[in-house]
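Every number here is computed from the coordinates shown, using simple stated rules; none is lab data. Predicted, not measured: the structure shown is a model, and the values here were computed from it. So basically every Cβ, Gly included, is an ideal-geometry build from the backbone, and we count neighbours across all protein chains shown.
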Amino acid sequence: MAKVCTVSGAGPTSGRKYKRRGMVRRKGGAGSKIVGKTLRVIKPNLQRVKVIDANGTVKRVWVSARMLKAGRVKKAPNASLQRARVAQKAAAKA
């Protein structure tokens with residue numbers, strides 16, 4: 001399975017990395033020259049997250065950090081926190 005964001009569909013994209021030589025003009029040089037171009041893969045920042053889907057079931061999916069920050073996914077509550085809340089409610093009733 002390829003690592004792709006399930007919300008946005010963001011996956012690896014291709015790009016270049018530039019190697020420069022020389023001092024830039026604004027610092028008093030003759031100008032910066034590009035002397036090498038290397039192909040590279042730009043990967044999205046994917047996180048493995050428990051998400052509640054439309055049916056209400058909890059699934060573990062790959063989601064990009066950008067979608068998490070934007071609030072596009074509803075994360076499932078932590079099981080240990082749920083148990084703690086249930087125990088707290090039971091103690092309050094007793």
Of the residues Val51, Val7, which is surrounded by 11 or more Cβ atoms within 10 Å (Cβ to Cβ), among the β-branched types (Val, Ile, Thr), touching a residue at least 24 places away in the same chain (Cβ under 8 Å) and not in a loop (DSSP other than H, G, I, E, B)? Val51
Of all residues in the range 54-94, which are in a helix (DSSP H, G or I) and among the polar types (S, T, N, Q)? Ser80, Gln82, Gln88
Would you check which residues across the range 8-43 are hydroxyl-bearing (Ser, Thr, Tyr) and within 30 Å of Gly71 (Cα to Cα) and list them? Ser8, Thr13, Ser14
